[in-house]
1. Is it the case that some residue within region 107-128 is of a type outside the set (Ser, Thr, Tyr), assigned to a helix (DSSP H, G or I), surrounded by 10 or more Cβ atoms within 10 Å (Cβ to Cβ) and out of contact with any Asp or Glu (no Cβ under 6 Å at 6 or more places or on another chain)?
2. Scan region 109-142 for residues that are small (Gly, Ala, Ser) and within 30 Å of Gly39 (Cβ to Cβ) and jot them down.
3. What do you reckon, is Glu63 among the charged types (D, E, K, R), in the same structural domain as Leu29 (by TED's automatic domain parsing), modelled with pLDDT of 90 or more and not in a helix (DSSP H, G or I)?
4. Kindly indicate whether Gln78 is within 28 Å of Ile46 (Cβ to Cβ), part of a loop (DSSP other than H, G, I, E, B) and assigned by TED's automatic domain parsing to the domain that holds Glu57.
5. Right, Gly47: at pLDDT 90 or above, assigned by TED's automatic domain parsing to the domain that holds Pro76, more than 10 Å from the chain's Cα centre (by Cα) and of a type outside the set (Lys, Arg) or not?
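The values are calculated or read from the model by the stated rules, or taken from the named source; none is laboratory data. These numbers were taken from a predicted model, which means no experiment stands behind them. When we count neighbours, we look across all protein chains shown, and the Cβ atoms used for this are built from the backbone with ideal geometry, even at glycine.
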Amino acid sequence: MYGPRAFALAAVAGLAANAAHAQFGYYQLPQNDFVWNWGANPDRQIGFEDFTVTGGEGGFHCELKGKISGASQMTPTQLRQLEEALRARLDFIYASSNYMNQLDQQRELDWAKLSCAKPETTPATAQEKADREAKAREKMQREVERRRAHQPQTDTP
């Protein structure tokens with residue numbers, strides 16, 4: 001059987017291989033805020049987590065926390081490698097989900113929780129829009145004046 005180091009390296013490599021599916025849109029994110037749980041004890045999130053990673057995808061800001069099972073052979077170094085690999089992903093939700101599913105299936109995970117929120121954009125008021133437009137016009141006018149000042153002066157008879 002493979003050791004924990006081989007497992008961690010294979011899992012990180014698996015994340016990279018699965019990125020192709022995400023790139024071509026083979027999955028769909030929820031429309032609103034969501035929380036996904038994994039592990040043998042997803043409701044018993046007792047004690048300090050072993051890993052915490054934040055990332056984003058599709059306009060969502062997410063936090064992944066989890067605790068490795070007591071029987072796991074994963075080392076602290078492997079957990080940091082997991083965090084670094086996920087932090088670097090543009091498809092953070094997809095990669096986190098795949099990795100947590102792998103850990104869950106191999107009974108390495110006590111619990112994990114992915115919490116994702118989509119910040120709401122506040123519509124600009126009419127006054128804010130007018131202010132932005134006025135600033136843009138002023139900036140444009142300054143640029144026109146700057147260019148005129150730098151143009152060579154030609155004397156025509």
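1. In the first step, residues of region 107-128 are kept if they are of a type outside the set (Ser, Thr, Tyr); the result is 107-114, 116-120, 123-124, 126-128.
From what's left, assigned to a helix (DSSP H, G or I): 126-128.
Then keep just the ones that are surrounded by 10 or more Cβ atoms within 10 Å (Cβ to Cβ); that gives 128.
Now drop any that are not out of contact with any Asp or Glu (no Cβ under 6 Å at 6 or more places or on another chain), which leaves 128.
Yes, because at least one residue in region 107-128 is of a type outside the set (Ser, Thr, Tyr), assigned to a helix (DSSP H, G or I), surrounded by 10 or more Cβ atoms within 10 Å (Cβ to Cβ) and out of contact with any Asp or Glu (no Cβ under 6 Å at 6 or more places or on another chain).
2. Pass one, region 109-142, residues small (Gly, Ala, Ser): 112, 115, 117, 124, 126, 130, 134, 136.
Within region 109-142, Ala112, Ser115, Ala117 meet the criteria.
3. Yes.
4. On the way: within 28 Å of Ile46 (Cβ to Cβ): yes; part of a loop (DSSP other than H, G, I, E, B): no; assigned by TED's automatic domain parsing to the domain that holds Glu57: yes.
No: the conditions fail for Gln78.
5. Values: at pLDDT 90 or above: no; assigned by TED's automatic domain parsing to the domain that holds Pro76: yes; more than 10 Å from the chain's Cα centre (by Cα): yes; of a type outside the set (Lys, Arg): yes.
It is false that Gly47 is at pLDDT 90 or above, assigned by TED's automatic domain parsing to the domain that holds Pro76, more than 10 Å from the chain's Cα centre (by Cα) and of a type outside the set (Lys, Arg).
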